[in-house]
Amino acid sequence: MVSSRKGKSQGEGEIAVRMDAISKRFGEIVANDGINLTVYRGEVHALVGENGAGKTTLMNILYGLVKPDAGTITVDDMRLPVERGFLGTDYGLGMIHQHFMLVKRFTVLENIILGFEPSRGGFLDLRAAVRKVEDIMQRYGIEVPLDRRVEELSVGEEQRVEILKALYRNSRIIIMDEPTAVLTPQEIKKLFETIRMLVDSSHTIIFITHKLEEVMEIADRVTVLRRGRVVRTRRIDEVDPEELAIMMVGKKIEAPRRSKHAVSMESLLSLHDVSLRSSRDIVLLSSIDFEVRKGEIFGICGVEGNGQDELFDVAIGLQKPSSGRILFRGKDITHLSTAKRRALGIAYIPPDRVTMGIVAGMSVKENMLLGRQREPGLSGTFFLKEDAITNLTQRLLKTFGINPPLPDAEIGTLSGGNQQKVIVARELSREPSLLIASQPARGLDIMATRLIHDSLVKHAEAGGGVLLISADLSEIVELSDRIGVMYKGRILSILERKEADEEKLGLLMLGFAQ
């Protein structure tokens, strides 16, 4: 694929950002090791690399959230005071984080102007704020209802609010960290249209992503980081996705291949007319019906906020449905606790690894033991079997390529990708009959994603079942045997793998039934 912006900015012109010899350590971990980065005004500059390569740390340093140990930063010919610290907004920098920084109960307008409220005569001048925001929306074709509460918006609309926040603060250089992670194809297309309009208006975009096809479509130049160092910076018309992937990980990566094994008709998990209402009687799930069969990967996709999290909670026992039944191997588990479901052979990968998957203050070894502390091979009559636990942890660290491979390291010091691999290793090492995996590869690099995808495929091919909940349509299409599309708390459609493509799924996710 050739970039649609080829020739717009080929790395020549005025320098917007220059970072020289940037270094940063966190204890024994070197996040940035003498990084040099030059970004030109009016370009989309992609920043790619594996988890732990140093991308987000480098951008946090540029934005002023993290102080470097060494190095200098120049923005629009102005040397930034990195020694004493600074705020990126004071120098025309804006940053849109992967997890949006919005106050859900505030309106769109309140979120946009928060901290930068205009005043007149000592009082808040809302009319001036509305005029400025409406002018920005008209200029860049960004439409969001200003009086709506953020909690009522779609994920794509929330992202547009973040972009408006940056433009309202007069940001000339906007850093976008994994901006397409939870968007539908249609929303990604809209985002790219906005980015092109911004660049045509002399804004500069730094675009962090793991999706190489997006790099090829939207970027003018790309810088590849590996292990805290710059591997290379190239014009986008000089590279292809395979070459970028090799630069990122140091070798060619093969996509997981599904064997032509027949999916059994034996049902592992089945939901029958399952509904869930909130404490305020709001419908969260409505008449959910599907089953996961032995040897099958059953995918669930949908725009975030359409019931996927609630479906995960109900499936693993964190919430009890208001009505309906849940069966596992024919046994009614509707009212069983999560622990009892795990004892029957159900494992899970939660959508939020930090709050649900790990205990950040504990060691890697201790996190590997979570939920397994009563297993005979790991626990004696009165004490845990430390040697057995250490041996298990070392084996899993090696098998899943978890870095650093230190059982006693605090898991909170690991990158997000390595934390996720700890969770996957722990759950699959139990050899469960059914794995319920929600967003298993969100925000992960190519190598970590491939490892996790391979693990899910091997589990299914060995006769296990997988309920895969993901907002990543390429992941859903690549791995699933059947796909259920969620919209407003219900299953809008179930498609066979051969019937599904990303465009069709994206339309269904937006509520356009076919």
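Here is a yes/no grid of residues against (1) within 18 Å of residue 183 (Cβ to Cβ); (2) aromatic (Phe, Trp, Tyr); (3) more than 20 Å from the chain's Cα centre (by Cα):
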site: 411; (1), (2), (3): no, no, no
site: 418; (1), (2), (3): no, no, no
site: 439; (1), (2), (3): yes, no, no
site: 447; (1), (2), (3): no, no, no
site: 462; (1), (2), (3): no, no, yes
site: 470; (1), (2), (3): yes, no, no
site: 480; (1), (2), (3): no, no, no
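Determine which member of the set 279, 267 is hydroxyl-bearing (Ser, Thr, Tyr) and either more than 14 Å from residue 467 (Cα to Cα) or within 27 Å of the chain's Cα centre (by Cα) (or both).
Checking each option against the conditions leaves just 279.
All conditions but one from (1) surrounded by 17 or more Cβ atoms within 10 Å (Cβ to Cβ); (2) within 21 Å of residue 188 (Cα to Cα); (3) at pLDDT below 85 apply to residue 503; the one that does not is (1). The set of residues from the range 70-88 being surrounded by 13 or more Cβ atoms within 10 Å (Cβ to Cβ) and assigned to a loop (DSSP other than H, G, I, E, B) comprises 76, 80, 82, 86. For residue 55, the conditions (1) at pLDDT below 95; (2) more than 28 Å from the chain's Cα centre (by Cα) all hold with the exception of (2).
Restricting the range 101-159 to residues that are of a type in the set (S, T, N, Q) and part of a helix (DSSP H, G or I), the residue that is modelled with the highest pLDDT is 111.
For every residue, the table says whether it meets (1) over 27 Å from the mean Cα position of the chain (by Cα); (2) under 24 Å from residue 489 (Cβ atoms); (3) not in a loop (DSSP other than H, G, I, E, B).
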{"residue": "242", "(1), (2), (3)": "no, no, yes"}
{"residue": "273", "(1), (2), (3)": "yes, yes, yes"}
{"residue": "291", "(1), (2), (3)": "no, yes, yes"}
{"residue": "309", "(1), (2), (3)": "no, yes, yes"}
{"residue": "314", "(1), (2), (3)": "no, yes, yes"}
{"residue": "326", "(1), (2), (3)": "yes, yes, yes"}
{"residue": "356", "(1), (2), (3)": "no, yes, yes"}
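So which residues in the range 225-239 are over 11 Å from residue 45 (Cα atoms) and either modelled with pLDDT of 90 or more or outside the structural domain of residue 50 (by TED's automatic domain parsing) (or both)? Within the range 225-239, 225, 228, 229, 230, 231, 232, 237, 238, 239 qualify. Scanning the range 483-500 for residues that are of a type outside the set (A, V, I, L, M, F, W, C), buried (at least 16 other Cβ atoms within 10 Å of the Cβ) and within 22 Å of the chain's Cα centre (by Cα) gives 484, 487, 489. Only residues that are modelled with pLDDT of 90 or more and not β-branched (Val, Ile, Thr) were counted in the range 196-213, giving 8. Tell me, yes or no, whether the range 46-67 has at least one residue that is touching a Lys or Arg at 6+ places or on another chain (Cβ under 7 Å) and loosely packed, with under 15 Cβ neighbours inside 10 Å. No, there is no match, as no residue in the range 46-67 is touching a Lys or Arg at 6+ places or on another chain (Cβ under 7 Å) and loosely packed, with under 15 Cβ neighbours inside 10 Å.
Pairing residues of the range 371-397 that are over 13 Å from residue 430 (Cα atoms) with residues that are part of a strand (DSSP E or B), at Cβ distances under 8 Å and at least 6 apart in sequence or on separate chains, gives 385/379. Reported count of residues in the range 21-41, each being closer than 23 Å to residue 241 by Cα and not in a strand (DSSP E or B), is 0.
Residues checked against (1) touching a Ser or Thr at 6+ places or on another chain (Cβ under 9 Å); (2) more than 25 Å from residue 284 (Cα to Cα):
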{"site": "415", "(1), (2)": "no, yes"}
{"site": "429", "(1), (2)": "yes, yes"}
{"site": "437", "(1), (2)": "yes, no"}
{"site": "446", "(1), (2)": "no, yes"}
{"site": "454", "(1), (2)": "no, yes"}
{"site": "491", "(1), (2)": "yes, no"}
{"site": "500", "(1), (2)": "yes, yes"}
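State yes or no: is residue 141 on the phi > 0 side of the Ramachandran plot and touching a residue at least 12 places away in the same chain (Cβ under 8 Å)? Judged against the criteria, residue 141 is a match.
Residue by residue, here is whether (1) charged (D, E, K, R); (2) in contact with a strand residue (DSSP E or B) (Cβ under 9 Å, 6 or more places away or on another chain) holds:
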position: 427; (1), (2): yes, yes
position: 440; (1), (2): no, yes
position: 449; (1), (2): no, no
position: 466; (1), (2): no, yes
position: 470; (1), (2): no, yes
position: 476; (1), (2): no, yes
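Answer yes if at least one residue in the range 217-224 is at pLDDT 95 or above and touching a Pro at 6+ places or on another chain (Cβ under 8 Å), and no otherwise. No - not one qualifying residue is present in the range 217-224. Restrict the check to the range 158-176 and report whether at least one residue is hydroxyl-bearing (Ser, Thr, Tyr), over 27 Å from residue 503 (Cα atoms) and touching a residue at least 24 places away in the same chain (Cβ under 8 Å). For the range 158-176, residues hydroxyl-bearing (Ser, Thr, Tyr), over 27 Å from residue 503 (Cα atoms) and touching a residue at least 24 places away in the same chain (Cβ under 8 Å): present.
The values are calculated or read from the model by the stated rules, or taken from the named source; none is laboratory data. A quick note: this is a predicted structure, and the numbers were derived from the prediction, not measured. Heads up, the Cβs are rebuilt from the backbone with ideal geometry, glycines too, and the neighbour counts pull from every protein chain shown.
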